[in-house]
Amino acid sequence: MQRKGLDYMDFILEILDPLRLDRKYWYIIFLVSLFSFIYFISRSFIRWIIHRKALLLLSYIIISLFVLSTYFAISLLNGGINISFFQSFPLIMQSLAAFGLLLIFKAMIRSWLK
């Protein structure tokens, strides 16, 4: 029993040794740190949007993230990022920009009518 506990402790110490970490684990540590940083920044930004009662902006951000993540998922399922991805990506971005302008004009007309 004692030997099994030492093997587990050796395994933990081996993982925590920075010189022996595999490159994959460094990427995981970097990405988790990056996601945490983005989470704290976006959480503050979303709180500010809600405080300002700019739900139109928040809905635009959520819809844009949904469209982009769906586009990337479909691109990866169709064989990865290839030449058709780079040809259609500007169209997706221009469509999102036009949708944003449409929402801005709608908000401007609504504010003028009040």
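The values are calculated or read from the model by the stated rules, or taken from the named source; none is laboratory data. Just so you know, these numbers come straight off a predicted model, no measurement behind them. Here Cβ is always computed from backbone atoms with ideal geometry, including for glycine, and neighbour counts include all displayed protein chains. Heads up: the accessible areas ignore ligands, DNA and RNA and are worked out on the full protein's heavy atoms, side chains in. Shrake-Rupley method; radii C 1.70, N 1.55, O 1.52, S 1.80 Å.
Side notes on the structure shown:
- Theoretical FRET efficiency, 1/(1+(r/R0)^6), r = Cβ-Cβ of Ser44 and Leu65, R0 25 Å, to 0.05: 0.90
- Karplus-derived HN-Hα couplings along the range 34-41 (A = 6.51, B = -1.76, C = 1.60, θ = phi - 60°), whole Hz, x at Gly and Pro: 5, 4, 5, 4, 5, 4, 5, 5
- Among Phe89, Phe45, the sequence by solvent-accessible area, most first, with a 1.4 Å probe is Phe45, Phe89.
- Ligands, DNA and RNA left out, the 1.4 Å accessible surface of the range 20-114 is 74% carbon and sulfur atoms.
- Heavy atoms of Phe30: accessible area, 1.4 Å probe, square angstrom to 10: 130
- Take the range 51-102 with all the other protein chains still there, run a 1.4 Å probe, and you get 75 Å² of accessible area per residue.
- Rolling a 1.4 Å probe across all protein chains gives Leu101 an accessible area of roughly 90 Å².
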